[in-house]
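The values are calculated or read from the model by the stated rules, or taken from the named source; none is laboratory data. Predicted model, so just to flag it, every value in this text is computed and none were measured. Because the Cβ atoms are built from the backbone with ideal geometry, glycine has one as well, and the counts that use them run over all protein chains shown. Ligands, DNA and RNA are stripped out before the accessible areas are found, and what is left, the full protein with its side chains, is counted by its heavy atoms. Shrake-Rupley method; radii C 1.70, N 1.55, O 1.52, S 1.80 Å.
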Amino acid sequence: VAAFGLLGYELDLTKLSNFDKKTIKEQVEFYKAHRKLFQFGEFYRLKSPFKYNQPLWMIVSADKKEAALGYYQILQKPNGGFEQINFVELDENIMYELKTRKQFVNIRAFGDLVNHISPVKLNADGIVHTVVSNNYMHEAEVEYVEAYGDELMYAGFRPNHQFMGTGYSEQTRLVGDYGSRIYMLKEKQE
């Protein structure tokens with residue numbers, strides 16, 4: 001959320017886990033790489049957080065060659081349907097590459113479900129699980145689409161289905177309660 005305003009953290013650095021420190025480092029590097037877009041792009045509120053469970057914000061560069069979409073989820077709903085995101089203010093004739101921002105999931109979010117992928121049984125509150133979750137950077141799903149601006153605005157983009165407790169894979173989003181994703185768009189270079 002802060003990337004779309006004034007990036008900052010309000011926390012005690014001495015109480016962060018290794019996972020949190022690594023995640024924050026990645027977030028700051030991402031912001032620095034896209035600082036010009038976030039600071040000087042045109043901001044659009046696509047879905048208000050006061051009316052929708054999944055608010056959407058978007059920033060578009062002046063030349064429309066780059067954009068960022070913030071996807072936020074207040075509460076995850078069970079058995080949610082497929083979603084469609086319609087972008088705004090893109091150049092209809094530009095071929096865009098849409099890709100999720102590199103993001104990591106703490107395996108602690110899986111709780112006992114981690115045992116579905118672990119070769120050994122782990123206690124979700126045990127020492128091994130705690131050490132692994134504090135140090136292992138499990139990369140979240142990467143979504144990639146190539147589409148023209150008119151397609152993204154009028155037909156929309158359908159993100160991967162969300163994880164609901166079963167069937168987790170690289171094509172599944174693990175957003176959860178109060179989760180978010182940033183989708184980056186840039187003009188495809190030939």
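The local environment of residue 161, defined by Cβ-Cβ distances under 13 Å, has a net charge of -1 under the rule Lys, Arg +1 and Asp, Glu -1.
Computed with a 1.4 Å probe over protein heavy atoms only, the accessible surface of the chain comes to 61 Å² per residue.
Quote the charge dipole size of region 128-190 about the Cα centre in Debye, to the nearest 20; the model charges only the Cβ of Lys and Arg (+1) and of Asp and Glu (-1). Walk me through the numbers on the way to the answer.
Details: 5 positive and 10 negative charges, 48 e Å.
Here region 128-190 has a charge dipole of around 240 debye.
For residue 51, a cut-off of 16 angstrom between C-alpha atoms picks up these lysines, skipping any fewer than 8 places away in its own chain: 77. Modelled spin-label separation between residue 42 and residue 131, with each label point placed 7 Å from Cα along the Cα-to-Cβ direction: 5.5 nm. When the alpha carbon gyration tensor of region 60-116 is reduced to an equivalent ellipsoid, the three semi-axes, largest first, read 32, 15, 10 Å. Basic side chains Lys and Arg get +1 at the Cβ, acidic Asp and Glu get -1 at the Cβ, and with that the dipole of the chain about its Cα centre reaches some 540 debye.
Take the solvent-accessible surface of the protein heavy atoms, probe 1.4 Å, and return the percent of it on the chain that carbon and sulfur atoms account for. It would help to have the intermediate numbers written out before the result.
Values: 6120 of 11560 Å².
The value for the chain is 53 percent carbon and sulfur by accessible area.
Remark: C-alpha extents of region 1-78 on the principal axes read 39, 36, 19 Å, sorted largest to smallest.
How large is the direction-averaged shadow of the alpha-carbon convex hull of region 40-80, in nm²?
On the way: hull surface 13.9 nm².
Orientation-averaged projected area of the Cα hull: 3.5 nm².
For region 1-131, the relative contact order works out to 15 percent when only alpha carbon pairs closer than 8 Å and six or more residues apart are counted.
So for the chain, what are the equivalent ellipsoid semi-axes in whole Å, largest first, each being the square root of 5 times an eigenvalue of the Cα gyration tensor? Present the calculation step by step, with values, prior to reporting the outcome.
Working: eigenvalues 190, 79, 46 Å².
Here the semi-axes work out to 31, 20, 15 Å.
For every other residue with a beta carbon closer than 10 angstrom to the beta carbon of residue 148, add +1 if it is Lys or Arg and -1 if Asp or Glu, then tell me the sum. Net charge in that neighbourhood comes out at -4. Bridgeable aspartates and glutamates around residue 36 (alpha carbons under 20 Å apart, same-chain partners fewer than 8 residues away excluded): 26, 63, 66, 89, 91, 97, 187.
Cα-based values for region 127-190, radius of gyration first and Dmax second, are 15.8, 51 Å. Cα axis of helix 18-33 to longest principal axis of the chain: angle in degrees, 0 to 90, nearest 10? It is inclined by approximately 10 degrees. Scoring 41-50, 6-15, 180-189 by mean Cβ neighbours within 10 Å over their residues and listing the highest first yields 180-189, 41-50, 6-15.
When the inverse distances between all different Cα atoms of region 81-190 are averaged and flipped, the Kirkwood radius reads 15.9 angstrom.
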